[in-house]
Amino acid sequence: MAERLKTAVIIAAAGVSRAVFTAASTTVRDHRELAHRNLDLDPRLSRVLDAEQRAAGVNSKEWAADHRRHHHQFPDADLHGFWEAAKCIEYLEDRDPDSIPETFQGLDPLAGVLTRDEVVEIGTQADDYLRGVLGDRYWTPATYSPEDLNRILH
């Protein structure tokens with residue numbers, strides 16, 4: 001009887017260990033490295049975690065794509081720069097419209113050069129999203145220093 005209990009405990013511990021390792025590989029590789037692209041794992045570790053996911057029946061790339069699609073409205077863009085630029089454009093439209101650039105570059109690594117109208121459109125979408133998520137906690141700067149305007153717009 002004691003031998004059976006010992007075997008059952010070992011099997012249960014192995015199962016729990018595997019479940020923890022699978023959850024950790026989902027969190028680290030699938031979520032952080034693949035879905036959000038904010039972590040660069042050593043390629044050897046990445047292969048080990050990928051093998052673990054495949055053994056668990058998970059397709060890591062599909063998991064990451066589904067996660068971005070279902071849980072994040074703007075999956076692959078850093079919208080802070082667009083939001084900031086749109087707010088500065090709005091601030092300057094009545095004060096100094098000639099100082100607003102016609103094109104913007106570097107707001108997102110994949111975007112390339114964008115027109116002022118495109119930046120305002122994307123920034124407005126980001127603003128609407130933030131207002132919906134933050135509700136009463138939402139705020140925007142009331143004023144900008146010349147240094148802030150220069151940094152954000154150029």
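Summary table
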| read-out | value |
| --- | --- |
| Relative contact order %, the chain, counting alpha carbon pairs below 8 Å whose residues are six or more apart | 19 percent |
| Portion, in percent, of the accessible area of the chain that falls on carbon or sulfur, probe 1.4 Å | 55 percent |
| Coarse-grained scattering of the chain at q = 0.13, 0.15, 0.17 Å⁻¹, given as base-10 log I(q)/I(0) from a Debye sum over alpha-carbon atoms | -0.77, -0.89, -1.00 |
| Probe 1.4 Å, accessible area per residue of the chain, Å² | 69 Å² |
| Helical contribution to [θ] at 222 nm, DSSP H n ≥ 4, -39,500 (n - 2.57), averaged over the chain, rounded to 500 | -19000 deg cm²/dmol |
| Between the range 1-22 and the range 30-62, the alpha-carbon center distance in angstrom | 26 Å |
| Relative contact order of the range 99-154, defined on C-alpha pairs under 8 angstrom at six or more residues apart (%) | 33 percent |
| Helix 116-134 vs. the chain, principal-axis angle (Cα, 0 to 90°, nearest 10) | 50 degrees |
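The values are calculated or read from the model by the stated rules, or taken from the named source; none is laboratory data. None of these values were measured; they are calculated from a predicted model. For the accessible areas, the whole protein counts, side chains as well, though only heavy atoms, and no ligand, DNA or RNA atoms are used. Shrake-Rupley method; radii C 1.70, N 1.55, O 1.52, S 1.80 Å.
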